[in-house]
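Note sheet for the following structure.
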C-alpha cells in the first residue's frame, strides 16, 4: 500500500528489497539517537531475510519528503489471547532529525493505523524510551495512552542462553 498525504511533498511506500541498505542506515541513525549503538548488531542480510525471506517476520515502510528518504517504520503482528485477535506491534518509527516538524511522524502513524483498519487488527502498540519526552507528548497528542499497569521485560544474551540451556543441563 502506498500513501500520499495531503501534503504532496510526502509519500509513504512499502519497503522493497533494494531498500535494505537505506533501512540499515536509518536503523543506525535511530540507534545513535536512542544512545543504543552498543546493542546494534543488525546486518543487511538479517533485514533482507526478516522482510523478504521465505517466511517474512516483519514489514517496513519508508516515508519520502520531496523524494528524499525521511523516515521508516518496521512492524509485525502480535496476538491477544484474551480477545483472540491480531494487532500491530510497531518496532521502530524514526523520522530523521532534519525532516522533523513536517508532519511525517503523524503521517507514518496514520498510514499504520490504516493498515490496522484494513486488516481488521484491534490495536497498535509500541514502546518509547522514558526519557524521550517529545515523543511521549506527541503520542499522547494523537490519543495514544501509556500502559502503566504492565512492566516490559526481555531476556537476552547470556541470560537467554542460560535459560535455554537449563533443561539440557538439568539445572531446573
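The values are calculated or read from the model by the stated rules, or taken from the named source; none is laboratory data. As the structure is a computational prediction, the values presented were derived from the model and not from experiment. Neighbour counts are summed over all protein chains in view; Cβ atoms, including those assigned to glycine, are modelled from backbone coordinates with ideal geometry.
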* Given the structure, is residue 120 touching a residue at least 12 places away in the same chain (Cβ under 8 Å), out of contact with any helix residue (DSSP H, G or I) (no Cβ under 9 Å at 6 or more places or on another chain) and under 20 Å from residue 56 (Cβ atoms)? -> yes
* Asked: Among helices (runs of 4 or more DSSP H) lying entirely in the stretch 95-172, which contain 2 or more residues that are in contact with a strand residue (DSSP E or B) (Cβ under 8 Å, 6 or more places away or on another chain) and closer than 21 Å to residue 74 by Cβ?
  -> 104-119
* To do: Inspect the stretch 2-21 for any residue being surrounded by 15 or more Cβ atoms within 10 Å (Cβ to Cβ) and either free of Cβ contacts under 8 Å to residues at least 24 places away in the same chain or part of a helix (DSSP H, G or I) (or both) and give the result as yes or no.
  => yes
* Just one of the numbered conditions (1) closer than 16 Å to residue 104 by Cα; (2) at pLDDT 95 or above; (3) part of a loop (DSSP other than H, G, I, E, B) is not true of residue 26; which one? -> (3)
* Asked: Is there a residue being within 18 Å of the chain's Cα centre (by Cα), exposed (fewer than 12 other Cβ atoms within 10 Å of the Cβ) and more than 29 Å from residue 40 (Cβ to Cβ) anywhere in the stretch 134-157?
  -> yes
* To do: For the stretch 57-69, enumerate the residues that are in contact with a strand residue (DSSP E or B) (Cβ under 8 Å, 6 or more places away or on another chain) and either in contact (Cβ under 8 Å) with a residue 40 or more places away in the chain or under 16 Å from residue 18 (Cβ atoms) (or both).
  => 59, 60, 61, 62, 63, 64, 65, 67, 69
